[in-house]
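Read-outs: derived from the displayed coordinates by stated rules, not from any lab. Computed from a predicted structure; not experimentally measured. Cβ: placed from backbone, ideal geometry, glycine included. Neighbour counts: every protein chain shown.
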Amino acid sequence: MRLQLTRRSDYAIRASIALALEAPRHAYVPAPRIAARMRIPQSFIPQVLGDLSRAGIVETAAGKNGGYRLVRPPVLLPVLDVIEAVEGPTRPGRCSLGDRACDGTDPCALHETWSAAQTAFIDVLAGTSLADLAAAHRASAGASGPDGPEEELT
């Protein structure tokens with residue numbers, strides 16, 4: 001079993017962290033700056049931030065001072081919302097043991113256990129805000145790579 005983010009979710013979360021770091025300035029952040037800071041291929045920025053825009057998480061502005069910014073304060077934006085904006089609902093309607101519908105009325109042998117684990121996982125994502133991730137990003141002062149500190153956006 002592999003519990004890991006898809007590349008699309010990974011990029012959406014990293015881009016959202018970049019926007020959360022800039023939220024106090026309430027300025028639009030250009031796509032190239034987000035891509036460079038968070039080490040995301042620039043070609044993915046419009047795709048993932050387009051998903052986030054359609055979900056009402058970010059807003060866009062064209063032009064010289066355009067770019068992207070969060071619609072709400074990062075503390076009010078759960079990570080779960082970002083993931084669901086790019087991946088869809090987190091609870092699949094298919095059975096974990098096979099290719100059939102599975103729910104509480106017609107459960108498979110794994111249904112109760114899998115449902116409890118899935119609920120716990122979803123609860124953690126729903127209880128973690130973009131502000132939490134931005135703070136963790138800032139705190140990783142000695143790290144390198146997309147999880148480490150990069151130059152300040154200006």
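Observations, loosely collected:
- Long-range neighbours under 7 Å by Cβ, at least six apart or interchain, first residue among the aromatic types (Phe, Trp, Tyr) within the stretch 20-35, second surrounded by fewer than 20 Cβ atoms within 10 Å (Cβ to Cβ) and not in a strand (DSSP E or B): Tyr28/Asn65; Tyr28/Gly66
- Condition check for Leu80 on (1) out of contact with any strand residue (DSSP E or B) (no Cβ under 7 Å at 6 or more places or on another chain); (2) surrounded by 19 or more Cβ atoms within 10 Å (Cβ to Cβ); (3) not charged (D, E, K, R): one failure, at (2).
- Boolean, Pro89 is surrounded by fewer than 14 Cβ atoms within 10 Å (Cβ to Cβ) and assigned to a helix (DSSP H, G or I): no
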